[in-house]
Structures are given as C-alpha cells and as structure tokens.
C-alpha cells in the first residue's frame, strides 16, 4: 500500500458506481486509480473526488496493470474557485502537468508548481499573468527554459504539443482583463 499527497487532475466514469481518478503526486508522478463504489450514495469517498482537490491518498499498487486500487482519500483542500476563469486555468495547468510527467516517475517540482497554481486560483480569478507565470515556471522546472524562445515554444518542444485547453482558458481570462482596463 502506497500513501502520498496528490492533486486530482482527471476523472472519468468506469461504471455506474465506480470511477477512474488520475492524480499527480510528488513521489509517483501520475497515478491512475480505480475508485470502486465512489459514485454510490453513502460512499466513504463521496465529496472527496473532485477536480483539483488536494488529498492524502492510499492506493494498492497493481502488479498487472497501470490502474491501481484507490483505498482511501483524506481531503486536505477542496477547490472552490472565485470565478469560472479559475476553473478553466486550473484545467490548463493540470493538462500541462499531465503532458510533462510520466506515470511512476517522481515529479516533486511539477507537483509543487501545480499545487501553488491551484492554491492561487482557489482565492483569485484566473489572469493572463498567472497563465504566463505557470508556463515560464514549468519551462524552468523542466530545464527547457530558453531566453530567446517563448515559453510556449519550449513547452511544445518538450511535450510535443500545447494542450487544447489553453484557448478556452485564454478566452475566459481576456474578457475579464478587457473589462478591468475599461474602468
């Protein structure tokens, strides 16, 4: 049984009562877990498996597959953002972290960066400054920072692509920035 701090970066239905949860952890990188009966009313995991929640998880490592059994979730911090732009930006940050990490490979710096990004967006609306800071810090952490190149070019070179969620995140941020500039 493994225990670690984690941030839920993706989830999908597995059955009527179970779901697959993908976590980013400092010690194990990405971890895919099967949360049996998590969607059942009265489940001990009810209310603890939502995107961008930070939790202490326990999972049983599978020797046959990359899908591990989620045994326990202790919620450390819920994600209750102040604006929709925060949700979109967290989605983009999570996709970047997903693209930049491997399952089973430690990723403490990327985990720390994502945790700081989520904590920031838990109390502040998404902003262009936050997006650009996350991108440049990710480049620094990955060791692909190049003063002559834009962080997006460095990320694309490292990950192979820029997550599609960047466009919607920018559209959610820019109207707020435009309104602020009009005042």
Taking the options 95, 56, name whichever one is out of contact with any helix residue (DSSP H, G or I) (no Cβ under 7 Å at 6 or more places or on another chain), closer than 23 Å to residue 141 by Cα and modelled with pLDDT of 95 or more.
95
Output the residue which, of all residues in region 98-114 that are in contact (Cβ under 8 Å) with a residue 40 or more places away in the chain and crowded, with 20+ Cβ neighbours inside 10 Å, is nearest to residue 172 (Cα to Cα).
114
Counting only residues in region 54-83 that are closer than 29 Å to residue 156 by Cβ and either in the same structural domain as residue 144 (by TED's automatic domain parsing) or in a loop (DSSP other than H, G, I, E, B) (or both), the one nearest to the chain's Cα centre (by Cα) is identified as 79
Return the only residue of 24, 121, 89 being modelled with pLDDT of 95 or more, outside the structural domain of residue 144 (by TED's automatic domain parsing) and in contact with a helix residue (DSSP H, G or I) (Cβ under 6 Å, 6 or more places away or on another chain).
24
Return a yes/no flag: does region 24-34 have any residue that is surrounded by fewer than 17 Cβ atoms within 10 Å (Cβ to Cβ), in contact (Cβ under 8 Å) with a residue 24 or more places away in the chain and either farther than 30 Å from residue 140 by Cβ or in contact with a strand residue (DSSP E or B) (Cβ under 8 Å, 6 or more places away or on another chain) (or both).
yes
Candidate set: region 73-97, residues that are touching a strand residue (DSSP E or B) at 6+ places or on another chain (Cβ under 6 Å) and without any contact (Cβ under 8 Å) to a residue 60 or more places away in the chain; chosen: the one surrounded by the fewest Cβ atoms within 10 Å (Cβ to Cβ):
74
Filtering region 125-160 for residues that are more than 16 Å from residue 92 (Cα to Cα) and in a loop (DSSP other than H, G, I, E, B) leaves a count of 8
Does region 125-139 contain at least one residue that is touching a helix residue (DSSP H, G or I) at 6+ places or on another chain (Cβ under 7 Å) and closer than 15 Å to residue 24 by Cα?
yes
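The values are calculated or read from the model by the stated rules, or taken from the named source; none is laboratory data. Bear in mind that the values here come from a model prediction, so they are computed numbers and not experimental data. All Cβ positions, glycine included, derive from the backbone under ideal geometry; neighbour counts span all protein chains shown.
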